[in-house]
1. Shielding of A:236-245 by partners, i.e. mean partner chain Cβ atoms within 10 Å per residue?
2. Top to bottom by accessible area (1.4 Å), largest first, where do B:366, A:523 land?
3. Within 10 Å of each candidate Cβ there may be at most 12 other Cβ atoms; applying that plus a DSSP loop requirement, which trypsin sites (Lys or Arg not before Pro) in the range B:92-136 survive?
4. So if I take the alpha carbon set of the range B:396-453, get Rg, then get Rh from the Kirkwood formula, what is the Rg over Rh ratio?
5. Hey, any idea what % of chain B's accessible area is carbon plus sulfur with a 1.4 Å probe?
6. When chain B is turned about an axis onto chain A, which of its residues keeps its C-beta closest to that axis, and how many Å is it?
7. At residue A:153, label 7 Å along Cα→Cβ: distances to the other copies, nm, ascending?
8. Using modelled amide H (1.01 Å from N, peptide plane; none on Pro or chain starts), what sits under 5 Å from the amide H of residue B:399, excluding residues fewer than 5 places away?
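The values are calculated or read from the model by the stated rules, or taken from the named source; none is laboratory data. Source: prediction; values computed, not measured. Glycine gets a Cβ as well: all are built from the backbone with ideal geometry, and neighbour counts include every protein chain shown. These area figures cover heavy atoms from the full protein model, side chains too; ligands, DNA and RNA do not enter into them. Shrake-Rupley method; radii C 1.70, N 1.55, O 1.52, S 1.80 Å.
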Protein chains: 2
Amino acid sequence: MGEKILVFDSTLRDGAQAEGISFSVEDKIRVMETLDRMGVDYIEAGNPGSNPKDIEFFNRIKNAKLKHAKLVAFGSTRRGGIHVEDDANLAAILDTQTPAVAIFGKSWTFHITDIIKTTLDENLKMIQDTMAYLKAHGKDVTFDAEHFFDGYKADPAYAIDALLAAQEGGADYLALCDTNGGTLPSEIFKIVTDVKSKLSIPLGIHCHNDSGLAVANSLMAVEAGVRQVQGTFLGYGERSGNANLSTIIPNLQLKMGYECLSEAEMQKLTSSAIRIAEISNFTLSNQMPFVGKSSFAHKGGMHIDAVMKNPASFEHVPPESVGNERRILMSEVSGRSTIIQLINEVDPTLTKKSEETTQVMDRIKELEYQGYQFEGAESSVKLLIRKELGKHKPFFTLEDFKTIGEKPHSDESLSSSAVVKINVDGQSEINAAEGDGPVNALDKALRKALEVFYPTIKNVRLTDFKVRVIDSKSATAAKVRVLIESSDGQDIWTSVGVSTDVIEASLIALTDSIEYKLLCDEEKK
Amino acid sequence: MGEKILVFDSTLRDGAQAEGISFSVEDKIRVMETLDRMGVDYIEAGNPGSNPKDIEFFNRIKNAKLKHAKLVAFGSTRRGGIHVEDDANLAAILDTQTPAVAIFGKSWTFHITDIIKTTLDENLKMIQDTMAYLKAHGKDVTFDAEHFFDGYKADPAYAIDALLAAQEGGADYLALCDTNGGTLPSEIFKIVTDVKSKLSIPLGIHCHNDSGLAVANSLMAVEAGVRQVQGTFLGYGERSGNANLSTIIPNLQLKMGYECLSEAEMQKLTSSAIRIAEISNFTLSNQMPFVGKSSFAHKGGMHIDAVMKNPASFEHVPPESVGNERRILMSEVSGRSTIIQLINEVDPTLTKKSEETTQVMDRIKELEYQGYQFEGAESSVKLLIRKELGKHKPFFTLEDFKTIGEKPHSDESLSSSAVVKINVDGQSEINAAEGDGPVNALDKALRKALEVFYPTIKNVRLTDFKVRVIDSKSATAAKVRVLIESSDGQDIWTSVGVSTDVIEASLIALTDSIEYKLLCDEEKK
């Protein structure tokens, strides 16, 4: 592999500034462990001087042993007019006992005179003093030159002086920050090239995505000689976010020939991304480059044909290289070549031109019009094909159900109850259950009734439940689409239901999920 | 304003390839109207040769008059070995009667020999013939050189020959496509610079986002001399999407000095983005540069202080310049300076250090821990503050409710019914309603009961209803967060509720919405 680029992740610090993120201490520990296992070089984990929760985190992990990464505590240069030893924030940083620290300081004259209101001279001393003090304590020190590019554009000589002060103080890395995210890629390249010619210690880059350019700007900085790249693993951050490391890393390693992670960890990039999104309580964006669910999903008919001939025709890197997978989507645009594969599983004699194929396509279009989306719900599609081809034998029929929700409810009982009556081969079975809400109650009652006939249902767990309001402008009478993911410990499958009533939509998806399980059991026999 | 860059939007064609998008003909018309009003130059609306729905669309709008934009039909060069006049796809394109067409053809030798399986020579003739044929029919013709950058890297001479064939045939624009989205910004700049030196007609650029670089690549191409930029308005597209025009346009116009839209339309960019996302049935990503809800949202305590002093300290452009707005977020990170402003609306004597402020902050943290998120739900926060300060007089109490869901239900009645009993100043009122599902029934019954006491409730409509499953791994027993947006025709407000029961969560949000309306009415008196 090529030259090493140091990966500096700030998901736990700058990422925590994102709207909608609120990490618990346990969340932070899980993110830290995931990043360390991946082989990230620096994990910036918090700002002990400004956030009490971060102090708790650093206390909790004082004895944690990381395999590879250096843990980083973040803070600012000493305040103006005081001695470094009297600065409470720096004391809080030393208290964390992390091997590395990242210290931000000002390099834009406007911020010095108008925001922190000190002199340009004192600011340089604040930087140099703070670096020297932390180096004397044996720290690996990165100086984050906040607003560096805006500062350089306003007063290049002073911006460089700020970096020289940090170099003089003994900093190990100088990270140039595009704090407001407003700089263009060509500007980044030009400015970094100039800076590099004037400084002797290694440079870093820290970009924000306000112009949609954080990834490109980071790559341009590396082309200009930077060797430490800061970002957050999934681009989470204040405003439009930070540079997305899950995009930058494969670009650097798979395209530009640098080394960031081991090959084995690169091939797990997608699952690492899913894990960090989950801990952050965000759904990973389908479109996210390299790691998104759609990144290697083909929908256009011509594209699908070409990818079948040779994947390189419409894929810039192999999906396996980042642990993702190729998906062929079903839709009116993708046409018959996709659906025929599924139809042939049921009846190998049918072709694209068969009348039955048209019938299946028409039914899919009709349901899509009603608000269904089958792209993620293969089990519902397989059942639909069987139904349209007359090959579906229902495993049960739902004769009747009733749900009752009540408030006030006693402390012991749950808020909802459901009664379900099913019929299997002429034999009726009625059962009831309580649950957290009507859907949960119905789910439990239905399973209880079905287990009498189909004991394998006991092994099925619902592993995911998503509700999407389709036409949210209709408010509480809006259509909802429910996606249910189920697992029997070996396989995972997803089914879908649509209705204006969340109970009915759930029931449709639930029924498909159970029928699909029973169908698979039968086929295995 | 500066030199004009032509904006070429393909939301309706390439955007329709995105996973999860399924435009109806009506949707397409609404998107077209929005783009035209904005002042986009070209609207690529479909591929009549491959998609029957697109033919229907073009038939429907044959007599539509666009104010500014040219409508574009998309298709490929003639097939190999046949005469242009015998090509069914080209005939379908001419049938649409659009003033402009975009024709893609091959420029990567690998695609010619391995995918479409014709000779390199015949491919050049296919390009030239097709251009000449469409020019003879009076069309404004753009040639999309598919996979141009991959083609150039593999065989620069042939890739240029393909462009020369199009130029020779009379094309008006040559759009260089990074179809697989794998090219780096510095490569784009170098290649476009070379191409420009060898061709005399204007160039365009068409980027995909597989490497997270589509916006940067488009800007680099403009720096190298391109004058037509293709993309989709919100970056929707196959795999990781297309170049996002809502990001590219403000970069070009506000930072690089080019002209794309009128200033008035630029100042409506955010509402145009929200509209197109809505029609596409996607939630606009909060993080989306310039137009996202979080793009100008500040959460870090130090950042908020600085932005209050001078917005330029942490904003790359003024939010008003793109019709967005600055937001100060409430959270444990933002601290007390945000919440105190809301507290002072109720009690101006309290300060950041008051005991009551701590009490409010603690309650917010506790609820956030339970799954609440107040960042988008200001009305729930305002009520919470009143409750904590003992200044809240409830306008009603909910004594009792019951919901019943049933299947099979007759065709006439809706699937759910609800009974609600409320109390206002000691006076009870019971009422009932049917609805699409239990939430809708409850919503209606509650309003009916309340209108007896508060007639202004009649004017309140729920305008948006969102359900988010918080811990989806708990499946049907998962916690859900319900966000309700309400309007009385003058104001819009949002409230939030969390519970494991979707009915209860909805009821909490509904109650807050109504209480907030009544509170505002009272304060106006």
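1. 5
2. Most to least solvent-accessible, the answer reads A:523, B:366.
3. B:117
4. Rg/Rh for the range B:396-453 comes to 1.04.
5. 49 percent
6. Nearest to the symmetry axis by Cβ: B:216, 2.
7. Sorted ascending, the copy-to-copy spacings read 3.0 nm.
8. B:421, B:422, B:423
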